[in-house]
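K.L.:
One structure, pasted below without further comment.
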């Protein structure tokens, strides 16, 4: 933990490579898009209306333009950013660092004090801490990773902006470890939408930890290893905390998402996309069976009749079926009316999952799958992929991510305003102040 604390506290902005800062800017833009896209979801919108008025401050519920306190804004934006399952992630940490870090930072950064580079450095350092702790941890299989190590990243990012010492960073990480959640993995499998607030709570906890540090509180001497090596996990690889620290930046190993669902679905969906490039004459009723061979964690997502939108996003059979029926895996393909569509649900019943042990053994470096489609008249079509599109081995282009951002932000913002936010994010490295971006985020829906 000492090395990680030193990195967060002492690394000069100029020593962070330019490509790392550029990647952090891209992650920031993608995360803001996910937040704006998720903000109009019914339960997220209702929560914002209930909570925003309870806090006083200049922090904003992004997309809505509602001003509130930093802690409530961090909670609401972290929740909105996970609602659509479009937020980026980190396959080695087995979770989503950015959505656990960026809402807390946007709720506290001020244009008067902080440059664009200050914000990018805080994102980079917070992401680094969260991803490294996540990579070092093997959570119990019954736990969902959201809300566990995320508060550590949020606290480190916020304190990087404050310029505290390495020792204070270490105290913050140790305290944040004890303030993480112990969330049930079944929430994602059963459509328990409380799951969507886990990241929001972590952002809020990160802000509370920053207050605790400033007030003089401290944690146990090795709280991170204690919590993540003995409480929520039986193994914690401390060498991962410092391995290639300062040369291997975790933002460079992230992945971005295009399918609006759990990443465990993505390997099968990427394989299906490949298969359908050459198969254009098959209708849903023509299909006898779709067999998906993939890794074990994906096979767990086997419910063909999800009860709601969240459960649909964690169902390989439904994801395969909606992709085939609707020709897309966009947000609309997982909307409530799609989840009850009879044609889609009927096809989902004919999707079978099977673990391939060899594929499971290739994790976490790769996320493979093979899809075999059999028609009622006996024809078979097969496609296989080794890893998901969008990860560090097969990244999306900036143009592809730009189009994704525009499609998500269009749910609340005009295209002109969305373009302005995108440009402000990607131009942060040379910005003397973060004020321009912060002002743009104050804008409510369709008011620009």
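K.L.:
I'd like to check which helices (runs of 4 or more DSSP H) are fully inside segment 1-85 and have at least 1 residues that are buried (at least 18 other Cβ atoms within 10 Å of the Cβ) and at pLDDT below 90.
P.N.:
Qualifying helices (runs of 4 or more DSSP H): 2-10.
K.L.:
Sticking with this structure for a sec: Looking for something closer than 30 Å to residue 139 by Cα, buried (at least 19 other Cβ atoms within 10 Å of the Cβ), in contact with a strand residue (DSSP E or B) (Cβ under 6 Å, 6 or more places away or on another chain) and not assigned by TED's automatic domain parsing to the domain that holds residue 400 - is there at least one such residue anywhere in segment 320-329?
P.N.:
Looking through segment 320-329, at least one residue is closer than 30 Å to residue 139 by Cα, buried (at least 19 other Cβ atoms within 10 Å of the Cβ), in contact with a strand residue (DSSP E or B) (Cβ under 6 Å, 6 or more places away or on another chain) and not assigned by TED's automatic domain parsing to the domain that holds residue 400.
K.L.:
Considering only segment 250-266, I want to know if a residue exists there that is farther than 28 Å from residue 142 by Cα, surrounded by fewer than 18 Cβ atoms within 10 Å (Cβ to Cβ) and in the same structural domain as residue 8 (by TED's automatic domain parsing).
P.N.:
Yes, there is a match, as at least one residue in segment 250-266 is farther than 28 Å from residue 142 by Cα, surrounded by fewer than 18 Cβ atoms within 10 Å (Cβ to Cβ) and in the same structural domain as residue 8 (by TED's automatic domain parsing).
K.L.:
Select from segment 276-325 the residues that are in contact (Cβ under 8 Å) with a residue 60 or more places away in the chain, in a loop (DSSP other than H, G, I, E, B) and more than 21 Å from residue 355 (Cβ to Cβ) and list them in ascending order.
P.N.:
278, 279, 282, 307, 308
K.L.:
Taking the options 166, 177, name whichever one is assigned by TED's automatic domain parsing to the domain that holds residue 62 and either under 23 Å from residue 72 (Cα atoms) or modelled with pLDDT of 95 or more (or both).
P.N.:
Just a single option satisfies the conditions, and that option is 177.
K.L.:
In segment 334-358, which residues are farther than 29 Å from residue 308 by Cβ and either in contact with a helix residue (DSSP H, G or I) (Cβ under 9 Å, 6 or more places away or on another chain) or surrounded by 14 or more Cβ atoms within 10 Å (Cβ to Cβ) (or both)?
P.N.:
Once the filter is applied, which keeps residues that are farther than 29 Å from residue 308 by Cβ and either in contact with a helix residue (DSSP H, G or I) (Cβ under 9 Å, 6 or more places away or on another chain) or surrounded by 14 or more Cβ atoms within 10 Å (Cβ to Cβ) (or both), segment 334-358 yields 356, 357.
K.L.:
Find the residue count for segment 106-116, including only residues that are under 14 Å from residue 425 (Cα atoms) and in a helix (DSSP H, G or I).
P.N.:
Here the count works out to 2.
K.L.:
Counting only residues that are part of a helix (DSSP H, G or I) and either within 17 Å of the chain's Cα centre (by Cα) or more than 28 Å from residue 111 (Cβ to Cβ) (or both), how many does segment 156-182 have?
P.N.:
Final tally of qualifying residues: 8.
The values are calculated or read from the model by the stated rules, or taken from the named source; none is laboratory data. Here the structure is a predicted model, which is why all the values come from computation and not from measurement. Don't worry about glycine lacking a Cβ; one is built from the backbone with ideal geometry, like all the others, and counts go over all protein chains shown.
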